[in-house]
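One structure is given below, encoded as structure tokens.
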Amino acid sequence: MKREPSVREVLDRLVGDAVLSPGQADAVERALRVREARRSRIPWAEVAGYLGGGLVLVGAVLLVATSWGRWGEFARTFVTGAAAVVLLAAGGVASGGLGHRSAVRGRVSGTLLALGAGAVAAAVAVALTGRAGNGAVACGAGLVVAVVGYVLVPSVPGVLASAGLLAATTLFTLDATVGVTSLNAGLAVATGGLLVAGLAFGRVLPHRQTGLVAGLALAVAGFQQLLGDERAVPAAYLLTFVLGAGCLALLRWERNWVLLVAGVAAVSIAVPEAVWDLTGGAVGGALLVLIAGAVLLLVSFAGFRLHRDAAGD
């Protein structure tokens, strides 16, 4: 088996071919060594930031949970509020300001700010315990903090925190106003998911893939929630199918693995549900698995055809 030449041997060959001077070759070798050393170095500061933020939040929750009965409302609010302040302040410090920041700083800061948003929601919920609409107000406050944090320091945890708090705010708001049912909760969550997915697909969100995953997952979950209402069962699988077909149709203009996975998953879920509903449950589980497999094959053939047509354009 032929040995792969070392960096030094390649550089010496380039020097021999008069492509590089000896000084330039030495400079390149030093730069590559520094880069390799940095890549192999364990990012202890980043790891400590993640662990520290998580421990602050978990510690505050455990402290409140174990002392809930002995503490008054002020003490409970103070502890959860202090945890939120610590996390948000740590996120701000880790970001290094609004100027240029390293990727590591961005990841740590974004994670701490996302945790801080959750802590804000918890603190407000504790402060408003027993009051009407406390869940909606608490999650809404956390959502505002999560969105602002994401705008200032874009990060994957920021997208996930914003999407999760958006769904929670919607559900708690319904509960405080008209009441939660399978129909309105499912449609509300699905609408929020489509909003997030639309912002990601339109390149408004810097973390586009994460936004698509979070948004489409919420949309499918919301549509599937309609199965809890007997009158909305057909709408559940029809809307799920339309969502999946829409994702697959978008692949003609953009090859995106999230759209592919979401489309295949949604169609594979919707078709067996439709068969089960239309046959009154007469179809057995084995046949449903067979139908799901057939659907996947059809989607695969359609994908190959789409790829061939696009290649011929």
How about segment 126-136: which of its residues are under 19 Å from residue 180 (Cα atoms) and in contact (Cβ under 8 Å) with a residue 24 or more places away in the chain? 132, 133, 135, 136
Taking segment 128-169, which residues are over 19 Å from residue 112 (Cα atoms) and not β-branched (Val, Ile, Thr)? 128, 130, 131, 132, 133, 134, 135, 136, 167, 168
Residue, nearest to residue 198 (Cα to Cα), within segment 234-267, restricted to residues that are among the small types (Gly, Ala, Ser) and either without any contact (Cβ under 8 Å) to a residue 24 or more places away in the chain or in contact with a Leu (Cβ under 6 Å, 6 or more places away or on another chain) (or both): 246
Subset of segment 195-205 (residues that are part of a helix (DSSP H, G or I), of a type in the set (Gly, Ala, Ser) and surrounded by fewer than 24 Cβ atoms within 10 Å (Cβ to Cβ)): 198
From the residues in segment 167-191 that are of a type in the set (Ser, Thr, Tyr) and part of a loop (DSSP other than H, G, I, E, B), which one is least open to solvent (accessible area, probe 1.4 Å)? 181
Looking at 311, 302, can you tell me which residue is open to solvent by 40 Å² or more (accessible area, probe 1.4 Å), of a type in the set (A, V, I, L, M, F, W, C), within 29 Å of the chain's Cα centre (by Cα) and at pLDDT below 75? 302
For residue 16, work out the one condition from (1) closer than 30 Å to residue 120 by Cβ; (2) at pLDDT 75 or above it doesn't fulfil. (1)
Within segment 95-107, is there a residue that is under 24 Å from residue 213 (Cβ atoms) and touching a residue at least 60 places away in the same chain (Cβ under 8 Å)? yes
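Table: residues versus (1) touching a His at 6+ places or on another chain (Cβ under 8 Å); (2) open to solvent by 30 Å² or more (accessible area, probe 1.4 Å); (3) touching a residue at least 24 places away in the same chain (Cβ under 8 Å).
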{"residue": "139", "(1), (2), (3)": "no, no, yes"}
{"residue": "146", "(1), (2), (3)": "no, no, yes"}
{"residue": "155", "(1), (2), (3)": "yes, no, yes"}
{"residue": "162", "(1), (2), (3)": "no, no, yes"}
{"residue": "165", "(1), (2), (3)": "no, no, yes"}
{"residue": "193", "(1), (2), (3)": "no, no, yes"}
{"residue": "207", "(1), (2), (3)": "no, yes, yes"}
{"residue": "214", "(1), (2), (3)": "no, no, yes"}
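The values are calculated or read from the model by the stated rules, or taken from the named source; none is laboratory data. These numbers come from a predicted model, not from an experiment. Virtual Cβ from ideal backbone geometry, glycine too; neighbours counted across all protein chains shown. Ligands, DNA and RNA are stripped out before the accessible areas are found, and what is left, the full protein with its side chains, is counted by its heavy atoms. Shrake-Rupley method; radii C 1.70, N 1.55, O 1.52, S 1.80 Å.
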